[in-house]
1. For region 88-117, enumerate the residues that are within 12 Å of the chain's Cα centre (by Cα) and of a type outside the set (V, I, T).
2. From L93, L89, grab the single residue that is touching a strand residue (DSSP E or B) at 6+ places or on another chain (Cβ under 6 Å), modelled with pLDDT of 95 or more and farther than 27 Å from Q156 by Cα.
3. Checking M136 against (1) part of a helix (DSSP H, G or I); (2) at pLDDT 95 or above; (3) surrounded by fewer than 22 Cβ atoms within 10 Å (Cβ to Cβ); (4) not β-branched (V, I, T), which single condition isn't satisfied?
4. Tell me whether region 252-263 contains one or more residues that are more than 26 Å from G61 (Cβ to Cβ), touching an Asp or Glu at 6+ places or on another chain (Cβ under 6 Å) and either at pLDDT below 95 or surrounded by 10 or more Cβ atoms within 10 Å (Cβ to Cβ) (or both).
5. Looking only at region 238-251, how many residues end up being among the small types (G, A, S) and either outside any loop (DSSP other than H, G, I, E, B) or modelled with pLDDT under 95 (or both)?
6. If I go through region 141-173 residue by residue, how many of them are modelled with pLDDT under 95 and among the acidic types (D, E)?
7. Read through the list (1) over 18 Å from the mean Cα position of the chain (by Cα); (2) in a helix (DSSP H, G or I), then give the number of the only condition that H226 fails.
8. Residue by residue through region 99-128, note down the ones that are surrounded by 23 or more Cβ atoms within 10 Å (Cβ to Cβ), in a helix (DSSP H, G or I) and of a type in the set (A, V, I, L, M).
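The values are calculated or read from the model by the stated rules, or taken from the named source; none is laboratory data. What you see is a predicted model, and the numbers here were worked out from it, not measured in a lab. In this analysis, Cβ positions are derived from the backbone assuming ideal geometry, glycine residues included, and neighbour counts consider all displayed protein chains.
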Amino acid sequence: MLRAVMATREKVTIGRFRAWKRERRKFAVLTCYDYSTARLMESAEVDAILVGDTYGEVCLGHDTTLPVTVDHLVTITAGVRRGAPTAFLIGDLPYLSYQVCEEDAIRNAGRFMSEAGCDCVKIEVDRRLSGTVEAMSRATIPVMAHLGLRPQSVHQMGGYRAQGKTAEAGEAIIRDAKIMEDAGAVALLLEAVPREIGEIVSENTALPVVGCIAGPNCDGQVIVMHDMLGYGGGHPPRGVKPYANLQETLTQAFAAYVSDVQAERLWTDSNSISMSSQEMDRLRQMLGRA
């Protein structure tokens with residue numbers, strides 16, 4: 001089944017997302033951080049995969065996404081691409097890899113495109129970084145502009161909290177979305193904003209809009225894989241629908257393994273590697289001579 005999907009599904013592109021938006025066909029995005037899981041997402045025909053800097057929280061155990069490096073993410077993103085060759089792949093530029101200067105932004109984003117095989121890169125922005133988006137676009141780098149809650153600005157924002165809940169704050173996000181479209185972004189991501197903001201932005205731009213806790217009216221939806229699988233780690237938002245409880249399942253499996261080892265049930269005559277009796281006789285002779 002997996003091979004059939006990988007062989008027959010057409011490559012998902014930004015052009016397909018634009019067409020789906022016109023057709024009002026929603027698309028599904030998930031985070032992923034390794035080859036094996038990416039293969040399963042490919043088999044399930046997940047439309048797009050975001051290799052997010054949430055890797056630092058859910059896989060490395062950091063309190064924020066800030067410690068993640070470009071080298072970290074380029075390496076794992078390349079693995080995800082090998083596992084999901086037809087999904088639309090989004091590389092997440094980590095903290096201070098694009099904020100310092102436009103040259104850094106282009107150089108680091110270029111690594112995601114050339115080394116990891118991304119279809120676009122995502123950066124957290126407001127209007128102050130419109131020039132960076134414009135410069136990256138001129139350099140032929142497709143940019144997804146991330147607005148609303150921006151985890152890399154968590155200390156400046158005062159924590160992980162919803163954005164755009166006042167009229168003034170909502171208007172700023174809506175205006176920033178238009179600024180990013182004019183700067184050349186190919187898509188938008190809205191995180192932790194009221195559903196009304198998600199609807200207004202989605203209805204007033206030609207760009208595909210991915211919502212991350214931004215209501216049902218965005219063109220696509222993304223959630224962190226660990227949140228939807230009940231895997232633990234990071235900062236799970238309220239309201240994310242659980243599709244599995246891997247934390248319980250895996251804990252039980254690990255405990256069963258420990259029990260089998262301690263009770264000497266892990267290996268039996270039927271599943272152990274054994275020497276033939278002739279070779280064992282020869283070995284005894286060799287050890288006796290030694």
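1. Residues satisfying the conditions are F88, L89, G91, D92, L93.
2. Numbers: L93 fails: farther than 27 Å from Q156 by Cα.
Selected residue: L89, the only one of L93, L89 that is touching a strand residue (DSSP E or B) at 6+ places or on another chain (Cβ under 6 Å), modelled with pLDDT of 95 or more and farther than 27 Å from Q156 by Cα.
3. The number of the failed condition is (3).
4. No, there is no match, as no residue in region 252-263 is more than 26 Å from G61 (Cβ to Cβ), touching an Asp or Glu at 6+ places or on another chain (Cβ under 6 Å) and either at pLDDT below 95 or surrounded by 10 or more Cβ atoms within 10 Å (Cβ to Cβ) (or both).
5. Within region 238-251, the subset among the small types (G, A, S) is 239, 244.
Okay, now just the ones that are also either outside any loop (DSSP other than H, G, I, E, B) or modelled with pLDDT under 95 (or both), so 239.
Within region 238-251, residues that are among the small types (G, A, S) and either outside any loop (DSSP other than H, G, I, E, B) or modelled with pLDDT under 95 (or both) number 1.
6. 0
7. (1)
8. A105, A109
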